[in-house]
Amino acid sequence: MHDFSYRDGVLHCEGVALTELAARHGTPLYVYSARTIREHYRRLDAALAGLDHRVCYAMKANSNLAVIDLLAREGAGFDIVSGGELFRVLKAGGRADLCTFAGVGKTREEIEFALQEGVYSFNVESEPELAFINEVAGVMGRKAPVALRVNPDVDAQTHKYISTGKSHNKFGIGIDRILGVYEQAAALPNLELRGIQTHIGSQILETDPFVEALGKLAPIVAELKARHGIKFFSIGGGVGIIYHGTLASGSSDWWESGTDPKRIGFDDYAAAIRPLLEGLGLKILLEPGRSLVGNAGVLLTTVLYVKQTPAKSFIITDAGMNDLIRPALYEGHHEIVPLREPSPETPVRNVDVVGPVCESGDFFAQDRPVADLSPGDGVALLSAGAYGFVMASNYNSRRLPSEILVDGSRAEVVRERQTWDDLVAGEKIPGR
Ligand code: LLP
């Protein structure tokens, strides 16, 4: 489900008209629905009822403090990948002891910080990292809780940049070597072997890759429990979302399992994985990112110019690839809809929707049929709640956009738009 729909001809997020937010706060502007995020969390949690589990939101997808706060209140833990993300969890009032710390390149400073704050587990990606965490923990006189990330060598059937579970990817320790590396880890005095972790990729739209990975891993996980007394199995994130036809047929409830053959809902996912996990007698951790927040956010932008060339029509918007990089980086598709509902008579034209950044890769759509747009019209790029703002940059010295959280009929600014002074904060000219 999601909470974006036309009401009286105007696109709304929950009870708030997006035209009003665009007018009051300017564009580009990210808008998130609190209700959608909460609902997604609750649906996933409910789908897993009866299984001892914890949802550790992969906050890399959207790490605004307001989003962390909202999910912490629901009871979520967090999957973090940097000291900065742990800092955000603590700032928002979240608990370090519900955090798992992933990533292939943890620094001494980050490991010390995470040990100090008492994270639930370090998800370790290599033997050298294992040795280093052991050393840092020893200096601090602590035992570091660790899980090894195992790479199951399965094809997640997704874009190559977001596939992580094949043996040629940089992530994890190969399934054929994992038992041996646990033996090595068991010999290190400052580590506690607490669990095992895997993650095969992102935007996965079928259950098969998950089932294949868990099927391969379940016997190994059982063996590790017997040998080392591990307590949890984190199965990663990766459940995909719909990016096409998001507002179709006026229904906002395409999220249900089985309503779209091209995607899986939480119920399908839970039903497929449950039999593989139930008998293990371990706490199951999940690390969903995109599936909780992706369809809960939109990026609002305004049409600046309509440029006609002999070859093409370009709709030039005030948002660019620096605000939302997914189309440029992953050929990601985001629906583009006008904030004012077009009438059935409005002509539809094939256009390129592009930003102002000086790169040919700065586009949101190419040769896409879009209802006629004019300068000044507001449009929304849908399904931009995950990997949207968090991947935004200051490229071309463009200011980071503002973010708004809507809850019912309330809309709150949860991040101010950067000022031009912010752009040069911390910079110095030598000698001045
Ligand atoms: N756990 C680990 C260890 C991960 O690396 C990731 C995502 C997740 C969980 C969450 O995966 P999700 O449930 O969101 O699929 N920027 C890309 C996606 C990169 C995903 C990176 N890792 C995009 O915009 O498509």
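The values are calculated or read from the model by the stated rules, or taken from the named source; none is laboratory data. This structure is a prediction, so every number in the text was calculated from the model and none was measured. Cβ placement follows ideal geometry from the backbone for every residue including glycine, while neighbour counts extend to all protein chains displayed. To get the accessible areas, we keep the full protein, side chains included, count just its heavy atoms, and leave off ligands, DNA and RNA. Shrake-Rupley method; radii C 1.70, N 1.55, O 1.52, S 1.80 Å.
So which of Gly320, Gly385 is part of a loop (DSSP other than H, G, I, E, B), more than 16 Å from the ligand (Cβ to nearest atom), at pLDDT 95 or above and open to solvent by less than 50 Å² (accessible area, probe 1.4 Å)? Gly320 is the lone residue from the list that is part of a loop (DSSP other than H, G, I, E, B), more than 16 Å from the ligand (Cβ to nearest atom), at pLDDT 95 or above and open to solvent by less than 50 Å² (accessible area, probe 1.4 Å).
Looking at segment 99-191, the strands (runs of 3 or more DSSP E) lying wholly inside it that each contain 1 or more residues that are free of Cβ contacts under 8 Å to residues at least 24 places away in the same chain sit at 99-101. Set side by side, the residues Ser167, Ser126 differ, and just one is within 16 Å of the ligand (Cβ to nearest atom) and among the small types (Gly, Ala, Ser), which is Ser126. Take the residues in segment 144-177 that are among the charged types (D, E, K, R) and loosely packed, with under 15 Cβ neighbours inside 10 Å, then tell me which one is nearest to Leu115 (Cα to Cα). Of everything passing the filter in segment 144-177, Lys170 is nearest to Leu115 (Cα to Cα).
Within segment 42-64, the set of residues being under 13 Å from Gly77 (Cα atoms) and either open to solvent by less than 10 Å² (accessible area, probe 1.4 Å) or without any contact (Cβ under 8 Å) to a residue 40 or more places away in the chain (or both) comprises Asp45, Val55, Cys56, Tyr57, Ala58, Met59.
Remark: pairs (first residue in segment 284-306, open to solvent by less than 10 Å² (accessible area, probe 1.4 Å); second residue more than 13 Å from the ligand (Cβ to nearest atom) and of a type in the set (Asp, Glu); Cβ separation under 7 Å; 6+ apart in sequence or on different chains) = Ile284/Asp52; Leu299/Asp323; Thr301/Asp318; Val303/Asp377.
Scanning segment 33-91 for residues that are part of a strand (DSSP E or B), out of contact with any Phe, Trp or Tyr (no Cβ under 6 Å at 6 or more places or on another chain) and within 13 Å of the ligand (Cβ to nearest atom) yields a total of 4. Scanning segment 151-164 for residues that are at pLDDT below 80, in contact with a helix residue (DSSP H, G or I) (Cβ under 9 Å, 6 or more places away or on another chain) and near the ligand (Cβ under 10 Å from one of its atoms) gives Thr158, His159, Tyr161, Ile162.
Residues in segment 18-32 that are touching a residue at least 60 places away in the same chain (Cβ under 8 Å) and either more than 15 Å from Leu405 (Cβ to Cβ) or assigned to a strand (DSSP E or B) (or both): Thr19, Ala22, Gly26, Thr27, Pro28, Leu29, Tyr30, Val31, Tyr32. Please indicate, with yes or no, whether at least one residue in segment 343-351 is over 26 Å from Tyr32 (Cβ atoms) and either among the acidic types (Asp, Glu) or within 16 Å of the ligand (Cβ to nearest atom) (or both). Scanning segment 343-351, I find at least one residue that is over 26 Å from Tyr32 (Cβ atoms) and either among the acidic types (Asp, Glu) or within 16 Å of the ligand (Cβ to nearest atom) (or both), so the answer is yes.
Pairing residues of segment 406-432 that are in contact (Cβ under 8 Å) with a residue 60 or more places away in the chain with residues that are among the basic types (Lys, Arg) and assigned to a loop (DSSP other than H, G, I, E, B), at Cβ distances under 9 Å and at least 6 apart in sequence or on separate chains, gives Arg417/Arg399. From the residues in segment 200-219 that are open to solvent by less than 40 Å² (accessible area, probe 1.4 Å) and part of a loop (DSSP other than H, G, I, E, B), which one is farthest from Phe233 (Cα to Cα)? Within segment 200-219, the match that is farthest from Phe233 (Cα to Cα) is Gln203. When Asp367, Asp362 are checked against the criterion of being more than 15 Å from Gly320 (Cα to Cα) and assigned by TED's automatic domain parsing to the domain that holds Ala319, a single residue qualifies: Asp367.
Scanning segment 183-197 for residues that are touching a helix residue (DSSP H, G or I) at 6+ places or on another chain (Cβ under 6 Å) and not small (Gly, Ala, Ser) yields Leu188, Asn190, Leu191, Leu193, Ile196.
When Thr100, Thr36 are screened for being open to solvent by less than 20 Å² (accessible area, probe 1.4 Å) and either small (Gly, Ala, Ser) or more than 15 Å from the chain's Cα centre (by Cα) (or both), only Thr100 passes.
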